[in-house]
1. Is it true that some residue in region 48-57 is buried (at least 22 other Cβ atoms within 10 Å of the Cβ) and touching a residue at least 60 places away in the same chain (Cβ under 8 Å)?
2. Please work out which residue is farthest from A128 (Cα to Cα), limiting yourself to region 92-113 and to residues that are free of Cβ contacts under 8 Å to residues at least 40 places away in the same chain and under 17 Å from the mean Cα position of the chain (by Cα).
3. Based on this model, can you work out whether T221 counts as closer than 17 Å to E149 by Cα, among the polar types (S, T, N, Q), surrounded by fewer than 20 Cβ atoms within 10 Å (Cβ to Cβ) and modelled with pLDDT of 95 or more?
4. Does region 173-190 hold any residues that are touching a Leu at 6+ places or on another chain (Cβ under 8 Å), among the aliphatic types (A, V, I, L, M) and surrounded by fewer than 23 Cβ atoms within 10 Å (Cβ to Cβ), and which are they?
5. Looking only at region 185-217, count how many residues are farther than 28 Å from A258 by Cβ, touching a residue at least 40 places away in the same chain (Cβ under 8 Å) and of a type outside the set (G, A, S).
6. Would you confirm whether any residue within region 68-81 is over 25 Å from A276 (Cα atoms), of a type in the set (S, T, N, Q) and assigned to a helix (DSSP H, G or I)?
7. Could you grab me the full set of residues in region 108-124 that are of a type outside the set (K, R), surrounded by fewer than 23 Cβ atoms within 10 Å (Cβ to Cβ) and over 21 Å from W247 (Cα atoms)?
8. Anything in region 264-283 that is surrounded by fewer than 17 Cβ atoms within 10 Å (Cβ to Cβ), out of contact with any Pro (no Cβ under 7 Å at 6 or more places or on another chain) and either outside any helix (DSSP H, G or I) or of a type in the set (D, E, K, R) (or both)? List them, or say none.
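The values are calculated or read from the model by the stated rules, or taken from the named source; none is laboratory data. In this text, all values refer to a predicted model and were calculated from it rather than measured experimentally. For neighbour counting, all protein chains shown are included, and Cβ atoms are generated from backbone atoms with ideal geometry for every residue, glycine included.
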Amino acid sequence: MIEPFFDAHVHFWDHAEPGLRWRFLEPDFDHPRLKNTQSLDAPRYGPDELRTEAGAQVPDRVVHVQCAMADDPVVETRFLDGLAAAAGWPDVIVGGARLRESGVAGVLDRHAESVRVRGVRDLTIQSAVEPDDVGEAFDAASRLGLSVELMLPPEHYGSIVRLAARWPDVTIVLGHAGQPALRSAEYLAGWASKLAEVAAATERVVLKISAVASSADPHWTVDSVRPVVLAAIEAFGPSRCMLASNWPIDRLYGSYVALVGAYRATVAELEPAERAAVLAGTATAVYDR
């Protein structure tokens, strides 16, 4: 029997939806790492499209992580709630919010009106952020029981430790495996060491292993993905790691079936309980309430 997979990072869109833009699909968009994201564009990409694309590797549950631009980020959450009511996915929503802005607590309050919202993410935070910069947001996340997802590279992991120390009841999700930018053995050793430092400093951070078969490894294979995934799991432990596809963004570098197959092949060497944790258990613990 195939083991359950809770895909902790997917993106949906529908250009017919008023009030939302998907900037990464627009012709003039230039991502600093990803190239030609415009090639992913279609009138819509939603649950039906993902189920078709996933084929035999269709996930049991999915987390949608914010990807739209809007004057009011809660508009995206309402769009996703509508998708879920009609098509069953997403099971969980991580909404968008500018965590450093005054009044952000009200945004989190309105996101939390959706029973599917379990966290928030702010893609404008790409470098060091200090507790005093995001106090209102983290206080609200604490009050509402929401996780906070951050996308920070290794040189800024210290910010995560400081945030976790200030708000020990807020789960912080370090996204995209902490953004390892290179694949040399020397670089990966340094990245893994910094991950381990974060894991040792606080139990409130979990690692989302996603975007590892992406721009840093565009011609990836199971053998090239395996050491990255296993190093991440070794640093944080299986109970604090979850696997995710970053789909359909990472279609730029392969198929969903191949990616999830690579994940399954990699974690096959773990003990059954460890394998169950990284495939579904950790995501369930973080996102269910």
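1. At the first step, the residues of region 48-57 found to be buried (at least 22 other Cβ atoms within 10 Å of the Cβ) are 50.
From what's left, touching a residue at least 60 places away in the same chain (Cβ under 8 Å): 50.
Checked region 48-57: at least one residue is buried (at least 22 other Cβ atoms within 10 Å of the Cβ) and touching a residue at least 60 places away in the same chain (Cβ under 8 Å).
2. First, pick out the residues of region 92-113 that are free of Cβ contacts under 8 Å to residues at least 40 places away in the same chain: 93, 95-96, 98, 100-113.
Checking which are under 17 Å from the mean Cα position of the chain (by Cα) leaves us with 93, 95-96, 98.
Details: I93: 25, G95: 21, G96: 19, R98: 15 Å.
If we take residues in region 92-113 being free of Cβ contacts under 8 Å to residues at least 40 places away in the same chain and under 17 Å from the mean Cα position of the chain (by Cα), then I93 is farthest from A128 (Cα to Cα).
3. Details: closer than 17 Å to E149 by Cα: no; among the polar types (S, T, N, Q): yes; surrounded by fewer than 20 Cβ atoms within 10 Å (Cβ to Cβ): yes; modelled with pLDDT of 95 or more: yes.
The answer is no for T221.
4. Going residue by residue through region 173-190, those that are touching a Leu at 6+ places or on another chain (Cβ under 8 Å) are 173-175, 177-180, 182, 188.
From the residues that got through so far, the ones that are among the aliphatic types (A, V, I, L, M) too are 173-174, 177, 182, 188.
Once the filter is applied, which keeps residues that are touching a Leu at 6+ places or on another chain (Cβ under 8 Å), among the aliphatic types (A, V, I, L, M) and surrounded by fewer than 23 Cβ atoms within 10 Å (Cβ to Cβ), region 173-190 yields L182, L188.
5. Residues in region 185-217 being farther than 28 Å from A258 by Cβ, touching a residue at least 40 places away in the same chain (Cβ under 8 Å) and of a type outside the set (G, A, S): 6 in total.
6. The first filter runs over region 68-81 and keeps only residues over 25 Å from A276 (Cα atoms), leaving 68-81.
Narrowing the set further to residues that are of a type in the set (S, T, N, Q) leaves 77.
Restricting the remaining residues to those that are assigned to a helix (DSSP H, G or I) gives 77.
Yes, the conditions are met somewhere in region 68-81.
7. Listed by number, the residues that qualify are D109, A112, E113, S114, V115.
8. To start, the set of residues in region 264-283 that are surrounded by fewer than 17 Cβ atoms within 10 Å (Cβ to Cβ) comprises 265, 268-273.
Add one more test, that the residue is out of contact with any Pro (no Cβ under 7 Å at 6 or more places or on another chain), and what stays is 265, 268-269, 271-273.
Matches in region 264-283: A268, E269, E271.
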